[in-house]
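See structure below.
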Amino acid sequence: LSFEDIFSNLYVTLEGIYGVAIGVSATYIVIFVIFGAFLGRSGASDLFFNFAQSLFGTVRGGPAKVSVISSSLFGTVSGSAVANVMVDGWLTIPMMKKVGFKPHIAAAIEAVASTGGQIMPPVMGAAAFIMAEIIGVPYYKVALAAAIPAILYYISLYFVIDLEAAKCRLMGLKRSELPNLKGVLSDQGHLFIPLIILLLMLVVLFYTPMKSAFYATLSIVAVSYLRKNTRMGFRKILASLKEGGINTLSVASACACAGIIVGMFTITGLGMKLSSILLQLSGGQLFPLLVLMAICNIILGMGMPTTAVYIILATLAAPTLIKLGLSPMCAHLFVFYYGCLSHLTPPVALAAYAAAGLAESPPMKTGFAAWRIGLAGFIVPFMFVYGPALILEDSVLNIIIAFVSASVGVWALAVSLEGYLFRVFPWWQRAAPFAASLLLIKPGIYTDLIGLAILVPFMFYQWKLSKKEFVPVPSPAGG
């Protein structure tokens, strides 16, 4: 290929730099980045943290649970795992260490909680908007499909924290050290209104993402005047616009660079070859292909932004999954989830390493701890491929049953990861709850029944042994 052919393809056609990704970043993503900047400047990040503290600060392992709530709330508007860690981590990590969490565990919990912000509706990471454009569906459908897997991710993290705290006899903070819920809602609760407006416009009124984010941003300025301490004057508005513009640059550059890679795949013909290569390696079987896709995602995600990873594999590999019978939503969500989770996977786990710096813990040790704590996130994508009810592609009854059984399944997974239920049990006994968790997370009446048949006797056995050993677990402070 001549240089003229290469540059013509990258700069003139719509399959290079000026492709779908850069178009979405210049329309959908930029307005949501500005929305996040306005929300942060209004004091909403303080609201999220104080709100979570007032609810969970006193319970067993409270500061870690505060991290889960505050990071999931802030992550919905930041769209960046590393940014989320840096905003929340400097507060949550020292608090976790204060009540007894080991530094690398505290950092890992913050990293896992912050990474989940990219998959948590109503405002997900930038790649979710690109997904909606590629699939050709309204953004709210992507957000709805991603809701149950995101909730399962955080349920698993919550239970892991709770069991870790119980195992290590870690208590919460004193009520006197925490903000009062009534006071938080009175002083800052009005800052929830823009998020509610955004949600209503996206999901109920079916406005476009751009229109919804635009009016939600205006509402931030309006509601900020309800309290003197949150008012946004002219300087704050200018600072928010400046911050939004600067933050957009990193997303836009990632989209442009991903466009270069996709353009080179296209012009060289490697893009067409890649699908056939993956099919040959997997033998045309779905499960080996999913494993290969997950590995590709994780390797590409070592140091690359989620958006760039998603664009590359959505263009080159997701069509292969669709050929094997998956719905476009299912195939693209699988790629998207693993692109996000690459921030937790050693040897290059950016979110975990950022948190390790704040906790002053070994980066690699923190990365492996984050991978273990966030393991549910690596399992759930496989389960919604084989059970589409988890992404709302089934009847209402089946969706409810799938969600309930999967919630029990991620709890069983947390039990297996921590090796604790009423008592600390030997490592070889972890196999039972782990097997039960896989069967329960996967939708299906037969797998659910088999999973319960394994889990219930295991629970009874551990309870009986705990009675004999009489090792009491401290109750959460404040009830």
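The values are calculated or read from the model by the stated rules, or taken from the named source; none is laboratory data. As the structure is a computational prediction, the values presented were derived from the model and not from experiment. Reconstructed Cβ throughout: ideal geometry from the backbone, glycine too, with neighbour counts over all protein chains shown. All accessible areas refer to the heavy atoms of the entire protein, side chains included, with ligands and DNA or RNA removed. Shrake-Rupley method; radii C 1.70, N 1.55, O 1.52, S 1.80 Å.
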message: Using only the Cα atoms of the stretch 182-300, what are the Rg and Dmax in Å?
response: 22.8, 64
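Over the chain, what relative contact order in percent results from Cα pairs under 8 Å that are six or more residues apart?
Working: 821 pairs, mean separation 104.0, N = 479.
So the answer I get is 22 percent.
Take 4, 110, 393 and sort them by solvent-accessible surface of the protein heavy atoms, 1.4 Å probe, largest at the top. Please report the intermediate quantities before stating the final value.
Details: 4 130, 110 0, 393 75 Å².
Largest to smallest exposure gives the sequence 4, 393, 110.
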field: Residue-level accessible surface for residue 211, protein heavy atoms, 1.4 Å, Å²
entry: 100 Å²
Calculated on alpha-carbon atoms, Rg and Dmax of the stretch 326-418 in Å: 15.6, 48
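Can you pull the percent of the stretch 1-146's accessible area that's carbon plus sulfur, 1.4 Å probe, other chains left in place?
Working: 3000 of 4650 Å².
Whole-percent figure for carbon plus sulfur exposure: 64.
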Given charges at Cβ of Lys, Arg, Asp, Glu: the chain dipole, positive-most of 247, 456, 390: 456
message: Students often forget the sequence filter, so: which lysines lie under 20 Å Cα-Cα from residue 468 once same-chain residues fewer than 8 apart are removed?
response: 167
query: With every protein chain present, what accessible area does residue 1 have (1.4 Å probe, heavy atoms only), rounded to the nearest 10 Å²?
result: 130 Å²
- prompt: How big is the stretch 283-337 by Rg and Dmax over its Cα atoms, in Å?
  reply: 10.6, 32
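Mind checking the per residue accessible area of the chain for me, 1.4 Å probe, whole number of Å²? Let's see the in-between values first.
Values: 19830 Å² over 479 residues.
Per residue, the chain has an accessible area of 41 Å².
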statement: Magnitude of the Cβ-charge dipole (Lys and Arg +1, Asp and Glu -1) of the chain about the Cα centre, nearest 20 debye, reported as 1460 debye
message: What would the Debye equation give as log₁₀ I(q)/I(0) for the chain at q = 0.11 Å⁻¹, counting only Cα atoms as equal point scatterers?
response: -0.92
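Could you put 191, 439 in order of accessible surface area, largest first, with the 1.4 Å probe and the full protein assembly present?
Numbers: 191 0, 439 45 Å².
Final ranking, largest accessible area leading: 439, 191.
Per-residue ellipticity at 222 nm for the chain, helices alone: DSSP H runs ≥ 4 residues times -39500 (n - 2.57), over residue total, nearest 500 deg cm²/dmol?
Rounded to the nearest 500, the figure is -23500 deg cm²/dmol.
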- prompt: Using alpha-carbon positions, what is the distance between the centroids of the stretch 319-334 and the stretch 162-193, in Å?
  reply: 41 Å
- prompt: How far apart, in nm, are two points set 7 Å out from the Cα along the Cα-to-Cβ line at residue 137 and at residue 206?
  reply: 1.5 nm
From the C-alpha gyration tensor of the stretch 21-161, square roots of 5λ in Å: 28, 16, 12
- request: Any aspartates and glutamates with Cα under 19 Å of the residue 98 Cα? List them, leaving off those in the same chain fewer than 8 positions away.
  value: 88, 110, 162, 164, 177, 360
- prompt: Quick one: what does P(r) look like for the stretch 245-366 with 10 Å bins over all Cα pairs, in whole %?
  reply: 13, 38, 33, 13, 3
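What relative contact order, as a whole-number percentage, does the stretch 1-97 give when Cα pairs under 8 Å and 6 or more residues apart are counted? Provide the component values of the computation, followed by the final result.
Numbers: 63 pairs, mean separation 18.9, N = 97.
It comes to 19 percent, rounded to a whole number.
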task: Compute, for residue 257, the solvent-accessible surface of its heavy atoms (probe 1.4 Å) with the complete set of protein chains present, and express it in square angstrom to the nearest 10.
output: 80 Å²
